[in-house]
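Presented below is the structure to which this report refers.
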Amino acid sequence: GGAEDDGASSEAPQAAAALAEFCLRRGRPEAVADTLRLALFEDAFGQFSAAGAEASLLDALEERVLAGQVSSLPPELMQALVELRAARGEVARVEAAVLNMDIASLDINQCVRLCESHQLYSALADIFSRGLGDVLTPLERLLAAAERDREGGASAGGATSVEGNAPPVVYKLLLLLRCCFVGERFPPGRGALDPPAQAAAARQTALEFIAGRGAMSSLLRADAVATLETLGFGFDVPPVAAEGAGTVEAAETRAVDESLLQAVADSIATQAAEAGASDGGEGGLSPFASGLALEFVAEQAGAGRVSLRAPVAACALQQLAAPAPPPPGLSTAVVYAGHAARRQRAFMAVMDRLLRERLLDVKEIERMARLGGFLSAVAKLRARLGDLAGGFEALLADGMAPADAPHRALDAMLRAPEADCFDISADFSVRPIAEAAEAVAVDPVAGTAREQLLGASRAAL
């Protein structure tokens, strides 16, 4: 009767817990999977299902998976557990369970199908990377899912999301890329990839993937800020050499890594240049996002990690010097604070390389620097020309420079009376230029530079 059914239902959770404990007490951990298959599925699971109480058994079993007491499930129980959690809107719990399991003991084909059908992307990446040593497949599948979500979701219409508004799968894809760049297991917190050869292979695969035109374009349009922050790990972390690698092998690893970083930088620069030419039209980067991308490449070029072709470098200077486009929507302190200062640092980084390689006329560079309001860049040019007073005055007028920057520059210039020209770096350190090749090929005002500097400093004081 109904009362008996209610009694059986109320006793199901206790019965399920007791049965799970019984199976776990059988001894050796390696015997747990077989014990579960025989005792839980072939007999007990069928009985619990017939009584309409299979959920109690699955709950008890899932609890022990999450506690690390059970490391695998037979396919039938895995299917039932996923369907139960999906019906309850709790598929994230299944994902946590998969991350806790021994991948080698699972039916990988079944798990992949379940993960894709229920959008369990972290578990999907874990299955491929941990179970098969394959990071390319999850990168490609997560990218495809991200593009589908963008086409059918709130971000549809081609607009660029600058920060935080992309579909969740985008951030899981970026997290997987970050782990590959730095040699970590996915998801983070599970230690380093081992052996080092595996870490090196994962990094190379990730760089090849992101250098592809489709991947770069999709991610920059999805969330420009998060994408560039993730790429920063690829540029900042050196490649991992395989254990026992000799000098030649290590050099080859570095050469491959450098060529891939250059390919990534070229892809970013191409996206930014095309966006600048099209004014961020349908499906392209917004002007603000393309500016962020250009700043990123400029900083990497300034640090010497990549090179910029002369036309690209000149284009970068022009775009950085143009008025910064407003960010779409509401700005946030984290992303937009100090944006003008970042643009100036990026401008100075590219300018440095152009000056060293004599790729652009100095007067044209100074014109662009003044157009952009980059007075520290103007100070750098003036000091390299030997116009010390002009450099000091430009620093004094730069609201983005530290308050003591002009006085530190004045002190450095006066302490090196033998020098006619000086270099002012992006961090406002000042050093005399000893080599004639470093100085800009314009004659300084010989014999009067220091008198003019002292006059300018006295006027300022």
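Brief remarks follow.
- Members of the stretch 185-203 found to be open to solvent by 30 Å² or more (accessible area, probe 1.4 Å) and within 14 Å of the chain's Cα centre (by Cα), listed by number: P188
- Any hit, the stretch 442-461, residues being modelled with pLDDT of 80 or more, surrounded by 12 or more Cβ atoms within 10 Å (Cβ to Cβ), of a type in the set (A, V, I, L, M) and closer than 22 Å to G373 by Cβ: no
- Checking each residue of the stretch 74-84 against the condition of being part of a loop (DSSP other than H, G, I, E, B), under 27 Å from the mean Cα position of the chain (by Cα) and in contact (Cβ under 8 Å) with a residue 40 or more places away in the chain gives no match.
- Residues of the stretch 302-318 satisfying the condition of being in a helix (DSSP H, G or I) and surrounded by fewer than 24 Cβ atoms within 10 Å (Cβ to Cβ): G302, A310, P311, V312, A313, A314, C315, Q318
- When L207, L176 are checked against the criterion of being aliphatic (A, V, I, L, M), open to solvent by less than 30 Å² (accessible area, probe 1.4 Å) and in contact with a Pro (Cβ under 7 Å, 6 or more places away or on another chain), a single residue qualifies: L176.
- Taken over the stretch 398-415, the residue count meeting the criterion of being open to solvent by 10 Å² or more (accessible area, probe 1.4 Å) and closer than 15 Å to L453 by Cα is 7.
- Selection within the stretch 373-388 - open to solvent by less than 10 Å² (accessible area, probe 1.4 Å) and either part of a helix (DSSP H, G or I) or at pLDDT below 90 (or both): S376, A377, V378, A379, K380, L381, A383, G386, L388
The values are calculated or read from the model by the stated rules, or taken from the named source; none is laboratory data. If you're wondering where the values come from, they're calculated on a predicted model, not measured in any experiment. A quick note on method: Cβ atoms are made from the backbone with ideal geometry, for glycine too, and the neighbour counts reach across all protein chains shown. Each accessible area value is taken on the protein alone, full model and side chains, heavy atoms only, with ligands, DNA and RNA left out. Shrake-Rupley method; radii C 1.70, N 1.55, O 1.52, S 1.80 Å.
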